[in-house]
Structures are given as structure tokens and as C-alpha cells.
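Student: Can you read through this structure? Questions will come right after.
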Amino acid sequence: MTADDLRQSFLGYFAERDHAVVPSASLIPHDPSIMFTVAGMVPFKSYFVGDETPPYSRATSSQKCARAGGKHNDLDDVGRTKRHLVFFEMLGNFSFGDYFKNEIIPWSWDLVTERWGFDGDRLWITVHEGDDEAEAIWHEVVGVPMNRIQRLGDKDNFWQMGDTGPCGPCSEIHIDRGPSFGPDGGPLHDPAGDRFMEFWNLVFMQFDQSADGSRVLLPKPSVDTGAGLERILALVQGVDSVWETDLMQPLLDKACSLTGKTYQPGVYDDRDSFAMRVLAEHARSATMLVSDGVFPSNEGRGYVLRRILRRAVRFAFMLGTERLVMPDLAETAVDVMGAAYPDVVRNRDFIQGVLAREEERFRHTLKTGLSILDGELDSGERLAGHTAFLLHDTYGFPLELTEEIAAERSIDVDLDGFKVEMAAQRERAKAARRDGVADEQRVDEYREILEQFGTTEFVGYVDDSCESRVLSVLPAVDADGNEAVEIFLDVSPFYAEAGGQIGDTGTISGLSGAAEVLDTTYALPNLRRHLARITKGSIEIGSTVQAEIDVDRRTSIRRNHTGTHVLHWALRHVLGDHVKQAGSHVGPDRLRFDFSHYAALTDDEVREIERLANDETLRNASVRAFETTKDEAESLGAIAFFGDKYGDVVRVLEAGNSVELCGGTHVRATGDIGTIKIVAESSIGSNLRRIEAVTGSASVAMLQRDEAVLAEVAELVGSTTGDVVAGVQRRLDEMKSLNDEIKALRAQLAVGRASELAEASQDGIVVTRVDGLAPGDLRELAIAVRQRDGIRRCVLIGETNTGGVGLVAAVSADEGIAAATLIADAAKAVGGGGGGKGDVATAGGKDVTSIDSALEIARRAATSS
């Protein structure tokens, strides 16, 4: 049986049982919480959680899946084991509230043994430790001996989509591959699954889990099964691993042909064979990913694809293969997968082109990068973070590839150092964008403007508006992709983004038209570019216009910028001179300040920093900006402000006790800043901290908002704002007292009711109906009854206060039986299940009309056992 035959056999079997055959969804999922489609149920998730109504009640599919990156990641295991793959297919069948365990369990056995010819005597079954129903079906209906059915816990045999929502027990089918794969004892004693290999997982979604961890039965339980096609194929074809199947063998053969190496099946300590497996698998995975629209990049899915490709190319290079290998391997992958996925055939040339370009790009720097890495690793010491970054940034080595190569020599990598280098690179990239890096043609246009007219005269330190002449107007697009223009003026009051301060906005207007300035940046050093949207007529080159900034916005920015300087001084005063600025953002609504420090700020430190900063604003010291030589500025103790560029002549800002170099716009006196309030403090990396703060009207608005919230809380707890803490505490104390009173009353009620129920016992056995209690209260009542003199066994069944059925059994310690045996069959009678170990067991159900029948069943169990 070929892979195509196996795939069709599975789909056909369920199509015969009225399942809709659903084509595979893309490897790029609609679910933003996952990077790739990782399981067969992913395309159906919205049906299972109830967000959408399924167009069918039964479905079956062979779903393309990839597990690399994020929570689901098999990439590093590829080639090292007999079954791990990045790309694989998951065969699955799904019931959306239609059939359940009684159907799928016999069907799965029939398909495996009758259609695929597996020896039933070699099959083992695992069920969840609390799933009596599944165990009974496997044994009583299918006929699997009890010694080949094993119970496992939540870790292995319980599935849940997340912390809340549909969940339920699993049942897995395993095959015994024989003594050569390990000792006997079943899956319970083979956690690695080498001998007792799992190949089909049946998930029974029968509960709905709440945020508090409690579970209730779903009104319409569902089924989700998943079977790895490649694993089953290896079993059907009678080979040792997925590598010898007709899906992978042609790719291994092609890898051997391209590299001139020999593959040894079943040998996992041979480097050449390991490399052949990596090349074969990664070529197939890359082919399928590119076909579905994933392209190599430095982020997200594209980064994972780049890791896959460069890992494969590195092995080909290490084997001495000079020619490109990925395009030819992709050709074979298309031949292997094309019958099942025609899109791959249609995309053949495109796939090969993408892979060829990526391989060429990496091979260009691979030799030099490996030489550098080998030289560093020869020392036997930990690989420095800056070296890992150099390999990543200059030679295209994904960090994970560097880690893998280092691990081959048992050397680790300084990841913290790498992250620091990456953060610095991002800041450099932002600075480059601020400085107006653009395509070469546009840069040439900027240079023509600069050569013809010179730099922009900036008058914004003094004036909020001015008369200007339009030098040039170039077409552009704004941040949202809408049509815009870039306007260049001879004189401008608009501050261009620099030193952490964002660019000004405002208007440019003349006789021929008007424009709204959306942002101001540097096209080239000191050449201001006003990104604008035409609001009327047109802005003509050579015309005279009035350029005017948004004064209110600039005023807020001034407050925040000067406030940043004052906070910097206060931080150094409280924390120490080791504090250095590492970045900033000064906008109209708030300021952000990044700085070097080795620990989180304490509440006391934050309060002291705020106190010092606001002392400076209350002093209302004058703010003075002046130009001087760099040497003179340094002699004055001026601190360089991050992000600014300095020549021989620098601009110094004195704001109270703060003296720093800065080219930004500022208030005239520290009192103009208003109140400075720190609103957040956090870590942004190793030994790097960030504070965010507001000033002026923003801090007043925040205080007013907090005051309103405080007043509302005070009103709710019946106190004044000055007494709100005591008021809240009083309410909490009252709640605690009431809860204690409720518990005491419930306990009294249970004791009183327990005596009443115990008096009606027969031969020390109580089996009766009790309605209207919560499940927990029903349990407590059963325990209270059992504790009465002469009571050996107690079973309580009734309709709970939530509308379902609750069942509880409690037995005395010397009875010698498990409480669960008294209610197991009764729970099935009301359409539920449950259990427990020891002398107390609980269960639930949904069929309240069958409570009396369940009582009879429980009564027989209690009196006969």
C-alpha cells in the first residue's frame, strides 16, 4: 500500500460512513494563536468551540501540518529519531455533536485490523484513568483483552484546547513492535513509545471547562481523532521508520545522488546518514510551506522557513557539496506529493526559484561564517553573544543554527549577550529610518534638492509659524498607504524627528492650496521633509506659503521632553551614576525613557524619583538652551542624550539641575512642565529598564480619572474617599463573616439532614434521592451520612441546583470496596460518568428523567457487592 493508497483508504472508509471529505486547509492557519496548522482539528476549531455552525455533522480529512517554532516544535529532532518530521499529514475524522464513543471505537478497530491488516494481538489500548465507558467499549464490544488495555492520567490521555472550553479524555491505539524495540509491559512502561508506538489518538470532547477548573458535560459531545499518516505508512509498509517509506525514500535517494554520500537505513550515529535525513525532510517541508505562501524572512513563519532551509544547506555544505541542492530536492518533493496536492505541481517553478535564491544567498556567506564560528569554538569556551550576533547579522546564521553547531561540541551560547546586540541593532534601524533612508532613486532626488537649495533653515526653537518658499514637492504615501506628498521648504518651524522627540504636525497653506502636515522627518541630514496630505487645491513649487505647527501638540511635546531630562537627572540621583539613557520616545501624550540599571525599581525609589522631579518643577527654574563647543559642554558636565548626533558645536540644555546635550524643543521654565507622574516601570532586556510618565494636562487628567474611580469605589462601599481603604476592608470582613456563617449553616443543615437520612438506612446502607444541592454540598452530605453510627455505605443521587444530575458514593474505610463501583453504572444511566479513588466518589450526568432508574441501579450495587 502506497502513501496515496493509505490516504485514500482512510478517507474512503469514513466517506462510506456519511462523512464529508474535506480538503486539507493551508499550512497558514486562520487562528492567530498558532504559527502553523499543527493538527487536523485546527481548521474545525470554530465548530468545536461553537463560534460557527458546521455545514456537516461528520467530516474526515488528511490535513497538512507543520510543527516548527512556538509551542509545537519538532525541528531540532528531525533526523535524530525514527519518526519526527516538521511537515506531516494528519488523518482525522470528526463528529460535531453526532456520534460518540460507541461508534468511533469499533470503527477505528475495524479500519486498522480489517482494512489495513494489522494483527489485533499486537495492538494495545490506553484510556484515561477515569474513562470507564471507553474501557468497557474496547473490552466488551471490540473484544480487546483487559491485559492489553491500560489507564493513563491527564498528561497522556486528556485533551483540552486551552484553559477553558471543550475538553475530554483520549484513547490511543498503540502497536507492539516487538522485543527488539524494548522491554515488554505495554505503553504504560514505555513513555518514549519506541516499542509500543502510538499511531491513532481518539479524543472524546465531552466536557466544558470553566475558568475555575470545574467541568460540566457538554450537551452534544464531539469526536476529534488524529492519526499520523507517515507513522501508519511505516507500519503498513513493514519498514523500520518513516524514512524508508515511499514518501521519504525517493528524497533520501535524491540527497545521496546530489551529495555522493551513502545512506545507511536504521543507523542513527552516522553523520552522513543523519545529514541525508535532514536534507530529505527539510526539502519536503520547505516545498510544502512555500507552496502555501510562506517565504523566507527574518520574522514569524518566514524565519522558521529560513531556519529549515539554512539548516539543510549547512549540512550539504559540510558534506562538500558545491552545487545547489534545494531546487533538485524540491523537484523530487513535488513528484512525491503532487498526486495528493496538485497545487504543489502548479507551483513547481515558483517553489524552486524561492529555494534557489535563498540557498544562493546563504552559501555566499556560509564558508566565511563557519570559519569564524569554528575559530571561536576551538577555544572551548562559551560562545560570546556578540559573535552569535555577528553570525546572525552579517553571515545569515539563524541563532538556532549557531546553537546547534555549538552544541555538537558541547559548548553553549551567551543568549543574553545576543539579545542585547539585537536590541541595539533595532535602535540603529529606527535611527536609519529617521534619517530618511530610502531607495536610491528617491535619495538622488533629495540630493538634488540639497545641492540646489542647501539645508532647511529651522526657526522652530523660537517661532511656531513662518513664511516659507516651496522648494520641491514629491509624491509619497502616508503610513496607511494613502496618497500623500513630501514638501520641502527653505525655512520651517517644523521639528524633524530626532533624539527621541517625534516630528511636528500642522499646516502648510498658500494661495494655490493647503496641506495638512502628518509628520516631519529628515530626508537627508538637516534637510527637512514634511509628509503631508493635500486638503485644498495644490502646493506649487516656488510659491510662498505659511508654515504653522500644531501649537497645542508641540506644547505637550515640550513639556514631556524637558520632563524627560528632569527624570534622567532624578534617576541618576536616586539610583547612581551608572544610569545611562538607552533610548527614549517623546510624544504629546506621554514620554518613555529607557535606561541602564540592574534591578527593578522599588516603590520607594519610584516615589523618591517623582518627588525630586516635581521639586524641580516647583522651583520653576529657568530652562536655558545655548550653543557651545563640545569640549566646553563636557567641562560643564553636560550628558550626551541618546539618539542625537554631535559636531564640534553642540546645543546644551540646562533645566534646573539637569545639564545635557540636546537638539529638541523645550519649555521656558521647569514650572511649565507641570506635575510629573510615572505611570509604568518595566524591564526591556538584561540590565535595561523602562519608565513611562505623563506631564502637564495629561497628569492632571490622570489624577482626575483616578479621583473619579476612587470616589466611585467609596460610594460602592459606603464610605468617604478619605476612608475608602477602611471601607473596603469592612466590606471584605463582612463578606468573610457572611461566608463563614453560610458554611456553618450548611454544616448544621448537613448534620441535621444526615441524621434524618441515616435513620432510614437498611442494614447500614443509605441509597436515596436528594435534589436541589450543589455538587459539592451533595458530597459533603454523603460524607456526613457515612459518619453516622452504623452506616457502611451511602449513595445520594439528585438533580443539582445547576440542572444536571449529581451522584455521590461514600463508604466506610473497612468496607473493602471502592466507592466508585457503587455509582459507575448509575452514572451511565443518566448519560454521564465520573469516578474517584478510595472511599468517596462523585459523578455527573445530564438526564434528570432517569434519576429514579439510576437509584435502582445504585441500590442493587450497594446491596449486592
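The values are calculated or read from the model by the stated rules, or taken from the named source; none is laboratory data. Just so we're clear, the structure is a prediction, and the values are computed from it rather than from any experiment. Reconstructed Cβ throughout: ideal geometry from the backbone, glycine too, with neighbour counts over all protein chains shown. Side chains included, ligands, DNA and RNA excluded: accessible areas come from the protein's heavy atoms. Shrake-Rupley method; radii C 1.70, N 1.55, O 1.52, S 1.80 Å.
Student: Looking at L745, L781, which is the one that is of a type in the set (A, V, I, L, M, F, W, C), outside any strand (DSSP E or B) and open to solvent by 50 Å² or more (accessible area, probe 1.4 Å)?
Tutor: On the way: L781 fails: open to solvent by 50 Å² or more (accessible area, probe 1.4 Å).
Among L745, L781, only L745 is of a type in the set (A, V, I, L, M, F, W, C), outside any strand (DSSP E or B) and open to solvent by 50 Å² or more (accessible area, probe 1.4 Å).
Student: Say whether the condition of being within 24 Å of I557 (Cα to Cα), β-branched (V, I, T), at pLDDT 90 or above and open to solvent by less than 50 Å² (accessible area, probe 1.4 Å) is met by at least one residue in the stretch 484-492.
Tutor: yes
Student: Still on this structure, please answer the following. Which pairs turn up if I take residues in the stretch 260-282 that are of a type in the set (D, E) and look for partners that are outside any loop (DSSP other than H, G, I, E, B) and surrounded by 22 or more Cβ atoms within 10 Å (Cβ to Cβ) with beta carbon separation below 7 Å, at least 6 apart in sequence or on another chain?
Tutor: That search, which allows pairs on different chains as well, returns nothing.
Student: Does the stretch 54-98 hold any residues that are of a type in the set (A, V, I, L, M, F, W, C), assigned to a loop (DSSP other than H, G, I, E, B) and surrounded by fewer than 24 Cβ atoms within 10 Å (Cβ to Cβ), and which are they?
Tutor: So in the stretch 54-98, the residues of a type in the set (A, V, I, L, M, F, W, C) come out as 59, 65-66, 68, 75, 78, 85-88, 90-91, 94, 96.
Add one more test, that the residue is assigned to a loop (DSSP other than H, G, I, E, B), and what stays is 68, 78, 85-86, 96.
Residues satisfying the conditions are V78, F96.
Student: Before we move on, is T368 among the polar types (S, T, N, Q) and buried (at least 16 other Cβ atoms within 10 Å of the Cβ)?
Tutor: When the stated conditions are applied, T368 does not pass them.
Student: Please go through (1) outside any strand (DSSP E or B); (2) open to solvent by less than 10 Å² (accessible area, probe 1.4 Å); (3) modelled with pLDDT of 90 or more; (4) over 30 Å from K220 (Cβ atoms) for A827 and return the number of the only condition it doesn't satisfy.
Tutor: Evaluating A827 over (1) outside any strand (DSSP E or B); (2) open to solvent by less than 10 Å² (accessible area, probe 1.4 Å); (3) modelled with pLDDT of 90 or more; (4) over 30 Å from K220 (Cβ atoms) leaves (4) as the failure.
Student: Residues to consider are L329, L305, L279, L319; find the one that is at pLDDT below 95 and closer than 29 Å to I34 by Cβ. Working first, answer last.
Tutor: Details: L329 fails: at pLDDT below 95; L279 fails: at pLDDT below 95; L319 fails: closer than 29 Å to I34 by Cβ.
Only one candidate passes the filter, namely L305.
Student: Right, next: Mind listing just one residue for me: the one in the stretch 688-734 that is of a type in the set (G, A, S) and touching a strand residue (DSSP E or B) at 6+ places or on another chain (Cβ under 6 Å) and, of those, surrounded by the fewest Cβ atoms within 10 Å (Cβ to Cβ)? Spell out the reasoning first.
Tutor: Within the stretch 688-734, the subset of a type in the set (G, A, S) is 693, 696-699, 701, 708, 711, 714, 718-719, 722, 726-727.
Narrowing the set further to residues that are touching a strand residue (DSSP E or B) at 6+ places or on another chain (Cβ under 6 Å) leaves 693, 699.
Numbers: A693: 24, S699: 22.
It comes out as S699.
Student: Are any of the residues in the stretch 553-571 touching a residue at least 24 places away in the same chain (Cβ under 8 Å), assigned to a strand (DSSP E or B) and not hydroxyl-bearing (S, T, Y)?
Tutor: Checked the stretch 553-571: no residue is touching a residue at least 24 places away in the same chain (Cβ under 8 Å), assigned to a strand (DSSP E or B) and not hydroxyl-bearing (S, T, Y).
Student: Does T402 meet the test of being surrounded by fewer than 20 Cβ atoms within 10 Å (Cβ to Cβ) and either part of a loop (DSSP other than H, G, I, E, B) or among the β-branched types (V, I, T) (or both)?
Tutor: For T402, the condition - surrounded by fewer than 20 Cβ atoms within 10 Å (Cβ to Cβ) and either part of a loop (DSSP other than H, G, I, E, B) or among the β-branched types (V, I, T) (or both) - is not met.
Student: Another one. Where in the stretch 162-275 are there strands (runs of 3 or more DSSP E), lying wholly inside it, with at least 2 residues that are open to solvent by 10 Å² or more (accessible area, probe 1.4 Å), out of contact with any helix residue (DSSP H, G or I) (no Cβ under 8 Å at 6 or more places or on another chain) and of a type outside the set (A, V, I, L, M)?
Tutor: Here the list reads 196-209, 215-228.
Student: Here's a check for you: in the stretch 590-604, which residue that is assigned to a loop (DSSP other than H, G, I, E, B) and under 14 Å from A680 (Cα atoms) is most open to solvent (accessible area, probe 1.4 Å)? Spell out how you get there, then give the answer.
Tutor: The initial filter retains those residues of the stretch 590-604 that are assigned to a loop (DSSP other than H, G, I, E, B), namely 590, 597-602.
Adding the requirement that they be under 14 Å from A680 (Cα atoms) leaves 590, 600-602.
On the way: R590: 90, A600: 55, L601: 18, T602: 70 Å².
My answer is R590.
Student: Collect the residues in the stretch 117-136 that are buried (at least 16 other Cβ atoms within 10 Å of the Cβ) and within 30 Å of Q237 (Cβ to Cβ), keeping them in residue-number order.
Tutor: F118, L123, W124, I125, T126, V127, A134
Student: Within the stretch 784-823, how many residues turn out to be under 15 Å from T842 (Cα atoms), in a helix (DSSP H, G or I) and open to solvent by 30 Å² or more (accessible area, probe 1.4 Å)?
Tutor: 2
Student: Of the conditions (1) open to solvent by 20 Å² or more (accessible area, probe 1.4 Å); (2) closer than 18 Å to A134 by Cα; (3) part of a strand (DSSP E or B), D156 fails just one. Which one is it?
Tutor: Unmet for D156, out of (1) open to solvent by 20 Å² or more (accessible area, probe 1.4 Å); (2) closer than 18 Å to A134 by Cα; (3) part of a strand (DSSP E or B): (3).
Student: Give the residues of the stretch 1-53 that are under 18 Å from the mean Cα position of the chain (by Cα), without any contact (Cβ under 8 Å) to a residue 60 or more places away in the chain, within 19 Å of M288 (Cβ to Cβ) and in a loop (DSSP other than H, G, I, E, B), sorted by residue number.
Tutor: Of everything in the stretch 1-53, those that are under 18 Å from the mean Cα position of the chain (by Cα), without any contact (Cβ under 8 Å) to a residue 60 or more places away in the chain, within 19 Å of M288 (Cβ to Cβ) and in a loop (DSSP other than H, G, I, E, B) turn out to be P29, H30, D31, I34, T37, V38.
Every residue, every condition in (1) aliphatic (A, V, I, L, M); (2) surrounded by 19 or more Cβ atoms within 10 Å (Cβ to Cβ); (3) more than 42 Å from the chain's Cα centre (by Cα); (4) under 20 Å from V586 (Cα atoms), yes or no:
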position: A515; (1), (2), (3), (4): yes, yes, yes, no
position: L518; (1), (2), (3), (4): yes, no, no, yes
position: T521; (1), (2), (3), (4): no, yes, no, yes
position: P525; (1), (2), (3), (4): no, no, no, no
position: R529; (1), (2), (3), (4): no, yes, no, yes
position: T535; (1), (2), (3), (4): no, no, yes, no
position: I539; (1), (2), (3), (4): yes, yes, yes, no
position: A547; (1), (2), (3), (4): yes, yes, yes, no
position: R553; (1), (2), (3), (4): no, no, no, yes
